[in-house]
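No value in this document is a laboratory result; all are computed from the given coordinates. Note that the structure is a prediction, hence the values are computed from the model and not measured. Glycine gets a Cβ as well: all are built from the backbone with ideal geometry, and neighbour counts include every protein chain shown.
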Amino acid sequence: MPKPNYSKILSLLSSLRGTTLVVPHSTADVDAVASAVALAKLIKATPVLLDSPSTQARKVLAYAGVSLPVEKNISSADNLVLVDFNSPQLAGGRKKELLDAKNVVCVDHHAHSDKFEDAVLFIDEGKCSCSEIILDLYHKAGKTPDKTTAFLLLAGVISDSAGFKSANTSTFSAVSELFSLSKADYRQVYSLLNYEPDFSEKLVLLNSVKTSLTIRAGHYLIGYSFEKAFASKACVALLSSGCDVAFSVNKEKGKISCVKHSHVKQFSVGKMFEEYAGKFGGSGGGHDAIGGCTVEPKKTVSALNYFLKFAFDKLK
Ligand SMILES: [Mn+2]
């Protein structure tokens, strides 16, 4: 993948004519809503949602005093800038409208095998959050995010780096800049992002550990379990309980998620799904340590077996 050219994408975004909506993925998380609000401010566009955001994103927006409307009429805009996603798979029930839109630009940090075909894609996989990409666009434009925008971007970086677990060196300079611009208090941001999970979530996570199956591959343990919700958190629960690689599987929907510990260097989760989900009639992608795919529901178990064997062969 060529090195992302920030000057080029900034001049393209700044030269968009007519009305522009900045749109995060379906069930937008903190990184996605922060990126939408901040980028819209930078390029004088309007941030909107496809549907209601995640609980965490709702809390962060409310704390920051920012409200984002759900836009019913996406197709009336001249341009769409999609943030924190580049695949129609992440558009939820609004997939068709986005596929039909004319001028689409994606600004993202994820790899995905099923990308918007006619869109201009700007993907910096080196960033652990889309918020860091947006901050770099501010730098390129010679602008400084205001206090509220800096706070949102800060929350975006902290939440998408999973509390710095997937951070890299440049994440810390971004975070230090955003702390001083937002004058935010770390404990306050931390407690905002680490709310008490609701009861159903606690039950799902405990059950995922209780019912998980494990495979030994050399010194490593690969765990998997079947859930209908909280997939990536269920994987993290397995990692905290001793697994090195964890899968969470939703058979009804054909969804497989995977998270691995950062000490597992033998393969990239995102690349694995990007490359092989197509064998099972689906698509997928993600990052080095976290990713997911959606396959034909009746092929879920064969896909799971394939990915378990893939991880086993890399680790044994
Ligand atoms: Mn993100």
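Please go through the residue pairs 72/233; 127/299; 44/72; 165/233; 143/271 and name each one whose alpha carbons sit more than 23 Å apart in this structure. Mind showing how you got there, number by number?
Values: 72/233 31 Å; 127/299 33 Å; 44/72 20 Å; 165/233 14 Å; 143/271 35 Å.
Table pairs above 23 Å Cα-Cα are 72/233; 127/299; 143/271.
Mind checking the angle between helix 147-160 and the chain's longest principal axis? C-alpha axes, 0 to 90 degrees, to the nearest 10.
Taking the Cα atoms of the chain, the angle to 147-160 is about 20 degrees.
Which whole-percent values make up P(r) of the range 1-108 when all C-alpha to C-alpha distances are grouped in 5 Å steps starting at zero?
Histogramming the range 1-108 at 5 Å steps yields 2, 13, 25, 25, 19, 12, 4, 0 percent.
Using every pair of alpha-carbon atoms in the range 199-315, split the distances into 5 Å bins beginning at 0 and state the percent of pairs per bin, rounded to integers.
2, 14, 26, 26, 20, 10, 2, 0
How many nm is it between the label spots at residue 144 and residue 176, if each spot is 7 Å from the Cα in line with the beta carbon?
That separation, rounded to one decimal, is 1.7 nm.
Using only Cα atoms, tell me the angle between helix 199-210 and the longest principal axis of the chain; keep it within 0 to 90° and round to the nearest 10.
Compared with the principal axis, the helix lies near 40 degrees.
With +1 assigned to the C-beta of every Lys and Arg and -1 to the C-beta of every Asp and Glu, and no other charges, what is the dipole magnitude of the range 6-193 about the Cα centre in debye, to the nearest 20? Mind showing how you got there, number by number?
Values: 19 positive and 20 negative charges, 94 e Å.
Computed about the Cα centre, the dipole is about 460 debye.
Any chance you could tell me what percent of the C-alpha pair distances in the range 6-193 go past 25 Å?
Across the range 6-193, Cα pairs with separations above 25 Å total 27 percent.
For the chain, set up a Gaussian network in which alpha carbons nearer than 10 Å are linked by springs, and say which option among 219, 287, 139 fluctuates the most.
219
Beta carbons within 10 angstrom, averaged per residue: use that to sort the peptides 208-214, 292-298, highest first.
Highest mean packing first, the order is 292-298, 208-214.
Could you give the angle, 0 to 90 degrees to the nearest 10, between helix 130-141's Cα long axis and the longest principal axis of the Cα atoms of the chain?
30 degrees
Quick one: length gained pulling residue 203 to residue 168 fully straight, 0.36 nm per residue minus the C-alpha distance?
Length difference between fully extended and current span is 9.3 nm.
So what's Rg/Rh here for the chain, counting alpha carbon atoms and using the Kirkwood radius for Rh?
0.96
With just the Cα atoms defining each centre, how far is the range 234-278 from the range 1-41? Give it in Å.
28 Å
Sorted by mean Cβ packing within 10 Å, highest first, what order do the peptides 191-203, 274-286, 125-137 take?
Top to bottom by mean Cβ count within 10 Å: 125-137, 274-286, 191-203.
Three principal axis extents, largest first, for the C-alpha atoms of the range 103-181, in Å?
For the range 103-181, the Cα spread along each principal axis is 39, 29, 18 Å.
Report the antiparallel proportion of the DSSP beta bridges in the chain as a percent, rounded to a multiple of 5.
Antiparallel: roughly 50 percent of the beta bridges in the chain.
In sequence order, what are the phi-derived ³J(HN,Hα) couplings for the range 16-25 according to the Karplus relation 6.51 cos²θ - 1.76 cosθ + 1.60 with θ = phi - 60°, rounded to whole Hz, with x for glycine and proline?
Along the range 16-25, the couplings run 5, 9, x, 8, 10, 9, 9, 10, x, 5 Hz.
What's the exposure ranking of 63, 190, 220, going from fewest to most Cβ atoms within 10 Å?
If I rank by nearby Cβ atoms, fewest first, I get 190, 63, 220.
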